[in-house]
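Taking it in order: structure first as C-alpha cells, then the write-up.
The values are calculated or read from the model by the stated rules, or taken from the named source; none is laboratory data. Nothing here was measured: the structure is a model prediction, and the numbers come from that model. Backbone-built Cβ (ideal geometry, glycine too); neighbour counts: all protein chains shown. In case anyone asks, the SASA skips ligands and DNA or RNA and just uses the protein heavy atoms, side chains included. Shrake-Rupley method; radii C 1.70, N 1.55, O 1.52, S 1.80 Å.
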Amino acid sequence: AKMAAAASELVTGWCLFGLALLAILIFCWVYVRKYQSRRESEVISTITAIFALAVALISSALLPVDIFLVSYMKNQNGTFKDWADANVSRQIEDTVLYGYYTLYSIILFCVFLWIPFVYFYYEEKEEDDDNTCSQVKTALKYTLGFITICAVLLLIGAFVPLDIPNKKNSTEWEKVKLLFEEFGSSHGLTALSFSISSLTVIGMLAAITYTAYGMSALPLNLIKGTTSAAYERLENTEDIEEVEQHLLRIKSKCRDGRPLSSRDRRTVRQLEERLRTLRRRERHLESIEKSWWMKFCEVIRPLKIVWGVFFIIVALLFTVSLFLSNLDKALHSAGFDSGFIILGTNLTNPLNMLLPVLQTVFPLDYILITTIVMYFIFTSMAGIRNMGIWFFWIRLYKIRRGKTRPQALLFLCMILLLIVLHTSYMIYSLAPQYVMYGSQKYLVQVRCNTYFKIILPSLSNIYLLFAFLADQCIVTRTYLFLHKFWFFSAAYYFGNWAFIAVFLIGLIISCCKGKKSVIEGEVDEDDSDMSDDELSAYCH
C-alpha cells in the first residue's frame, strides 16, 4: 500500500510537472510575441527566444524541486521513509544531478553556440539579404570565438586541482596523474561547474544592473500607475501648436527672398523632427485612449496597487535578509581565502526565521522559495524592459511592446539565462542551511543544519561536517555546483554588496520620479514613421 501511495504521488508529481512545463511554454510564446517587432520577426529567432526563455524559467524551478526531493525522503522524526533506502536515495540524487547536467549543458549550448549564431546571422542578413551561404559562413566565424571560450572554460574546470598533494617531493608526472584522476572521479562535474560558475559571475553583473533596478522600479510603477491618456494628449496638442508657431516665425525670415542662416536651417530641421515625433505621439495617444486595454487597466487599477505593495514588501524582505547574511559573513566567516563561507547563522535574517515556521505547514516553505525565485526572474525582465540593453555607456537595443528587434530579444533571453544561474547563489546567501538540507531532521529531533553551530568556520571542517552527516542527511545537488571554487564564492560575496547598493539607489530614483507616460518608450525621436504600422500591436 505504501509503495502504491508513493507511485501515485510520483505520477501526480509528473502530471504537475507536465502542466507546469506547458504553462511555461505558453507564457514564453505570449511574452516573445508581445514584444517582438511585427515587421522584423523571423521564425528562427522567435523559436530561439522562446526556447531560451523557457530554459531559463525551467532552470529557475530546479532549486525548489531539489530542496523538496531531499526533504521528502525523510520523516519528521529524522528517519528515512520506508521506500527511501540507500539505492532509491542515490537514484533520486543522480536523477536531480542529471537534470542539472542536462539544463546547464543546454544553457552552455544556448549561450556559446545557438544564440550567438542566430544573432550574427541576422546581423549579416541586414547587410547582405541575398547571399544566405555567406551569412551562414560569417555567423559561424564569429560563433567560433564563443565556442573557443566555452572549450577553454571546460578544460580549465576539468583539470584545475582542487586537492593539492601534500607530498613536497612528488614528481611532475604524479601531479599530472592526479589531475586526470580527479577529472575521472568527478565525472565532468568540476568542468561543468567551472564553466557555469564563470557564466554565473557574468549573471551576477547582469543581476546587479537589471534585477536590482527592476526590484525597485516594478513595484513603485505599479503603485504610482501612469498618467492619463487624455491629459497627455492635451499637453501634446499644446506642444504641437508651440512647435508649429516657432517654425512659422523662423520661416517668415525668408519671405523677402533672403536665405536662412545655417543656424536657422539647423533649428528648422530639429523642429521638424520634433514635430514628426509629436504627431506620432498624437496618433498613439488617440489610439490608446480608445483601446479596450486602457479601459481594462483602469478597472484593475486597485489590484495593481495591491500587487505593487506586495512586491515592495518582498523586495525589502529580500534586501534586508541579503544584507544581514552578508554582514554575518563579514563578521564570522573564514575570510577571503575561503570564499567567505560561513557554517553557522550568527545573525539571523527574516527569511531564515520565516522558513522554519513555514516548514511546519506543507508546502508553504516551497511556495515561498518558488515565489522569491520567480519574483527574481520577473523583476529582471522588468529591469531589462525599462533600461534597455546596454554595453557599458552605449545603448544597443530597446525593449518595446511590438517593436523589439530579433537581436534585442536574443540578447534579452541570454541575459535572463545568465541571471537565472546567479539566482541559486542569491537564494543560498539568504538561507544557506535550508538550501543545503531543506527541512531534513536528524534522528534525535535536531535539524541537520543546527550541526553547523558546533563546527568552526574553516574549510577543513566542511569536509568533516559532510562526513559526519553523510549517512543521516542528503545535501542538495545545487550546493555541489555552488562551492567548488572559493574565488567564485568571494566574487559573489562582493557582488551581493553591490546588488544592495544598486537596489537602494534605484529605490531612491524610482521614488523621486513621477508617473510614467501611458506610452512610455513607445515613441522616440529615432523611430521611423513606419513604426506607426505597428500601432495595432500596442493597442490590441
All conditions in (1) at pLDDT below 85; (2) touching a helix residue (DSSP H, G or I) at 6+ places or on another chain (Cβ under 6 Å); (3) open to solvent by less than 40 Å² (accessible area, probe 1.4 Å) are true of SER71 except (2)
Per the list (1) modelled with pLDDT of 80 or more; (2) buried (at least 17 other Cβ atoms within 10 Å of the Cβ), residue check on MET374 breaks on (2)
For the list (1) outside any helix (DSSP H, G or I); (2) modelled with pLDDT of 85 or more; (3) of a type in the set (Val, Ile, Thr), I need the number of the one condition that ILE415 fails. (1)
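Rundown of residues vs (1) open to solvent by less than 10 Å² (accessible area, probe 1.4 Å); (2) free of Cβ contacts under 8 Å to residues at least 24 places away in the same chain; (3) of a type in the set (Lys, Arg), yes/no style:
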| position | (1), (2), (3) |
| --- | --- |
| ILE474 | no, no, no |
| TRP497 | no, no, no |
| GLY506 | yes, no, no |
| CYS512 | no, yes, no |
Here are some conditions: (1) out of contact with any Leu (no Cβ under 7 Å at 6 or more places or on another chain); (2) surrounded by fewer than 20 Cβ atoms within 10 Å (Cβ to Cβ). LEU358 meets all but one. Which one does it not meet? (1)
Among the hydrophobic types (A, V, I, L, M, F, W, C), touching a Leu at 6+ places or on another chain (Cβ under 6 Å), in a helix (DSSP H, G or I) and under 30 Å from ILE107 (Cα atoms): does that describe ILE202? yes
Filter pass, GLU124 being surrounded by 12 or more Cβ atoms within 10 Å (Cβ to Cβ), assigned to a helix (DSSP H, G or I), of a type in the set (Asp, Glu) and modelled with pLDDT of 60 or more: yes
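Matching residues to (1) without any contact (Cβ under 8 Å) to a residue 12 or more places away in the chain; (2) among the β-branched types (Val, Ile, Thr):
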site: VAL306; (1), (2): yes, yes
site: SER325; (1), (2): no, no
site: HIS332; (1), (2): no, no
site: SER338; (1), (2): no, no
site: ASN352; (1), (2): no, no
site: VAL373; (1), (2): no, yes
site: ILE377; (1), (2): no, yes
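Considering each residue of region 22-81, count those that are closer than 19 Å to TYR434 by Cβ and not polar (S, T, N, Q), and give that number. Give the steps one after another, and end with the answer.
In the first step, residues of region 22-81 are kept if they are closer than 19 Å to TYR434 by Cβ; the result is 60-76, 78.
Among the residues that remain, those that are also not polar (S, T, N, Q) are: 61-70, 72-74, 78.
Total meeting the criteria: 14.
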Which condition breaks for LEU317 when tested against (1) at pLDDT 80 or above; (2) closer than 30 Å to MET374 by Cβ; (3) in contact with a His (Cβ under 7 Å, 6 or more places away or on another chain)? (3)
